[in-house]
Amino acid sequence: MNFSSRLLETAVNEFSRLPGVGQKTALRLVLHLLNQSKEDVQGFASALTRLKNEIRFCKVCGNISDSETCEICAAPKRDRSLVCIVEDTRDVMAIENTNQYNGVYHVLGGLISPMDGIGPSDLNIDRLAERVKTGEITEVILALSATMEGDTTIFYIFKKLKDLPVKVSTIARGIAFGGEIEYADEITLARSIATRVPYTG
């Protein structure tokens with residue numbers, strides 16, 4: 001792609017680094033921003049800068065938050081004896097959108113993937129074991145994507161928790177193998193949570 005400006009080329013190259021954004025889409029986004037007022041573009045840039053500099057991770061569950069403890073963990077009416085294990089914040093949002101779950105969460109921050117150099121120590125797994133050892137949790141729901149990485153992570157967590165006094169279950173496989181939690185429709189996802197099954201390893 002030939003550019004009439006190096007500044008334009010640099011901006012397009014930065015946008016095209018985003019997942020799912022090719023150079024043509026990046027160019028369209030950059031040209032759109034060029035047509036906006038300086039104030040609008042500065043507001044956009046400021047929102048991204050604040051996001052990077054001020055975002056926090058909940059000290060309890062690891063979810064993205066504006067404060068030390070996220071709104072879900074701080075909510076007094078949530079069932080703290082029930083913990084849903086998810087890969088990332090997108091999965092929390094997907095499950096919350098079903099309005100069928102009233103427990104709390106534990107965000108791993110990824111899945112075990114030796115091919116990508118991601119091992120158990122790179123994830124928020126040890127903190128999960130610490131939470132279970134407090135005795136407040138009676139059931140852990142493993143709500144991870146039905147992929148090789150998801151199943152590997154489920155098996156590892158099950159081995160980590162099997163000697164602790166907690167029930168371990170997985171969401172029902174209404175979600176096809178290879179499917180991602182965030183892309184499942186809300187009815188299927190709600191049914192998978194409601195019809196979860198004990199995990200036996």
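The values are calculated or read from the model by the stated rules, or taken from the named source; none is laboratory data. In this text, all values refer to a predicted model and were calculated from it rather than measured experimentally. All Cβ positions, glycine included, derive from the backbone under ideal geometry; neighbour counts span all protein chains shown.
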Any residue at all in segment 44-51 that's over 28 Å from residue 193 (Cβ atoms) and either aromatic (Phe, Trp, Tyr) or surrounded by 14 or more Cβ atoms within 10 Å (Cβ to Cβ) (or both)? yes
When the residues of segment 137-167 are narrowed to those that are of a type in the set (Ser, Thr, Tyr) and crowded, with 19+ Cβ neighbours inside 10 Å, which ends up nearest to the chain's Cα centre (by Cα)? 145
Is it the case that some residue within segment 10-18 is of a type outside the set (Gly, Ala, Ser), under 21 Å from the mean Cα position of the chain (by Cα) and in a loop (DSSP other than H, G, I, E, B)? yes
Within segment 176-201, of all residues that are over 17 Å from the mean Cα position of the chain (by Cα) and assigned to a loop (DSSP other than H, G, I, E, B), the one modelled with the lowest pLDDT is 177
Look through segment 79-136, keep the residues that are under 22 Å from residue 151 (Cβ atoms) and among the polar types (S, T, N, Q), and return whichever of them is nearest to the chain's Cα centre (by Cα). 89
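I need the full set of residues from segment 116-161 which are among the β-branched types (Val, Ile, Thr) and assigned to a loop (DSSP other than H, G, I, E, B), in order please. First the steps, then the outcome.
Of segment 116-161, the ones among the β-branched types (Val, Ile, Thr) are 118, 125, 132, 134, 137-138, 140-141, 147, 152-154, 157.
Within segment 116-161, 125, 134, 137, 138, 147 qualify.
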Flagged pairs (Cβ under 6 angstrom, 6 or more apart or on separate chains; first in segment 82-102, more than 23 Å from residue 112 (Cα to Cα) and in contact (Cβ under 8 Å) with a residue 12 or more places away in the chain; second of a type in the set (Val, Ile, Thr) and surrounded by 23 or more Cβ atoms within 10 Å (Cβ to Cβ)) are 101/95
With the first residue restricted to segment 52-73 and required to be surrounded by fewer than 13 Cβ atoms within 10 Å (Cβ to Cβ), and the second required to be of a type outside the set (Phe, Trp, Tyr), Cβ contacts under 7 Å at 6 or more apart or on different chains are 55/64; 66/56; 67/56; 68/56; 68/59
Over segment 74-102, the set of residues of a type in the set (A, V, I, L, M, F, W, C), part of a helix (DSSP H, G or I) and under 23 Å from residue 154 (Cβ atoms) is 92, 93, 94, 95
Looking at segment 74-108, which of the residues that are among the small types (Gly, Ala, Ser) and buried (at least 18 other Cβ atoms within 10 Å of the Cβ) is nearest to residue 134 (Cα to Cα)? 103
Would you pick out the residues in segment 61-73 that are over 15 Å from the mean Cα position of the chain (by Cα) and in a loop (DSSP other than H, G, I, E, B)? 66, 67, 68, 69
